[in-house]
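Take a look at the structure below.
Please treat every number below as a calculation from the coordinates, not as lab data. Everything quoted here is computed from the prediction, not taken from an experiment. Reconstructed Cβ throughout: ideal geometry from the backbone, glycine too, with neighbour counts over all protein chains shown.
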Amino acid sequence: MRQTRRNVLLGTAAVAMGSVTGCLGTSDAGSVPEDDGGTIQASFFVVSDFADHVAADADVRNLVPFGQHGHGWEPGPDVQRDVFDADAFVYVGDGFQPWADKIVQNVRNDGADVNIIEAWHGVDLLDASGDHDAHGADEHDHEESPTETHDDHDHGAKDPHFWLDPSRAKQSVRTIANGLAERDPANESTYAENADAYAERLDSLDDTYAERLSGRTRDTVLVAGHNSFRYLAHRYDFHVEALTGLAPDAEPTPKDVRRAQSVVDEHDVEYVLAPVFESDRAATQLVRETDAKEALPLTPVPTLTEEWNEKGWGYLDVMEQVNLRSLERALGVE
């Protein structure tokens, strides 16, 4: 069971905070409750969700406003101030969000007493090469670190979307738990127990995907957006064709659309997968101009829709209730 611990987290009883961006972008102008154990700031929804399950009573906040994915987003000075006032800052990794990289560097240069946790540390990352071809098992050795980026959309030599593979997500959860324990060794066992409990839920999700996709009659899906789903394809052995590469804001060219139309014809695609937080224009066009029947939602879970938020969904819920259901239909599960 997930543990709680009142009044003790990261070595502090409470942290006085000003107005900050809330867990999903809402404003919280009040002081931290006296029984709160500390504040953890996160740079991305998924890692904030992971940290929330590991840290129990901590005040875990996603710095990125609700509904935004945080790639090209530029924070105001209050965001860095919030990180400097926090006990820990969880970010995906160097090169994923340039603004987060800058904050990490400023924290280190200043010698601020903030524990920096790189969520993808120790995770086996896929090479970014071959954006459009995500078929087959991962046969590469990925011991090197992701290379630094030069703009908002260049993730260097590695594909950053590791969390879409539940087995890799487990490593990230344990990394977060270890990072919190470094700052608060008195509660190391609590973090470990919480991480183990969440890891069991990730194992269950992994088993559910494997079981429900085992009856598929197709091997190829078409994503009418950027290719952030290679980890799913590698984990469950299917093929992803996407309009564009890793950059989330890349606009498909006419050539990309023509290639996608050929994919529909060649693989008898019935359902086009439309990334939720991207334009659905290309998906609509493909359904209109090809034999595809319908566009279905798919998401790398960069944030939540209002509906998902109202339902209280997190990463696990979206992966099962949205992504798995769409993949079952697109892969012709019987």
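How long are the semi-axes of the ellipsoid equivalent to the stretch 45-121, from square roots of 5 times the Cα gyration tensor eigenvalues, in whole Å, largest first?
After diagonalising the Cα gyration tensor, the semi-axes are 17, 16, 12 Å.
Give a residue-ordered list of calculated ³J(HN,Hα) values for the stretch 290-301 (Karplus: 6.51 cos²θ - 1.76 cosθ + 1.60, θ = phi - 60°; whole Hz; x for Gly, Pro).
After applying 6.51 cos²θ - 1.76 cosθ + 1.60, I find 10, 7, 4, 7, 6, 9, 10, x, 8, 8, x, 6 Hz.
In whole Hz, with x marking every Gly and Pro, tabulate ³J(HN,Hα) for the stretch 115-125 from phi via Karplus 6.51 cos²θ - 1.76 cosθ + 1.60, θ = phi - 60°.
Result, rounded to whole Hz: 7, 8, 10, 8, 5, 8, 4, x, 7, 6, 8.
Assign one of three labels to the stretch 151-233, namely rounded, prolate or oblate, based on the Cα gyration tensor with a ≥ b ≥ c the square roots of its eigenvalues; rounded applies when a/c is under 1.5, prolate when it is not and a/b is larger than b/c, and oblate otherwise.
oblate
I need the phi-derived Karplus couplings for the stretch 217-226: 6.51 cos²θ - 1.76 cosθ + 1.60, θ = phi - 60°, integer Hz, Gly and Pro marked x.
10, 10, 10, 10, 10, 10, 9, 8, x, 7
Could you compute Rg(Cα) / (2.2 N^0.38 Å) for the stretch 206-333, with N its residue count?
My calculation over the Cα atoms of the stretch 206-333 gives 1.01.
Using a simple spin-label model with points 7 Å from Cα along the Cα→Cβ vector, what separation in nm is obtained for ASP196 and GLU266?
If labels sit at ASP196 and GLU266, their model points lie 4.8 nm apart.
Alpha carbon centre of the stretch 156-172 versus the stretch 284-305: separation in Å?
Answer, in whole Å: 23.
About its Cα centre, how strong a charge dipole does the stretch 220-334 have in debye, to the nearest 20, once Lys and Arg get +1 and Asp and Glu get -1 at the Cβ?
In total the dipole reaches around 240 debye.
Only Cα pairs under 8 Å and at least 6 apart count here; give the relative contact order of the stretch 191-316 as a rounded whole percent.
21
In nm, to one decimal, how far is the VAL257 label point from the ALA112 one, both placed 7 Å along Cα→Cβ?
4.5
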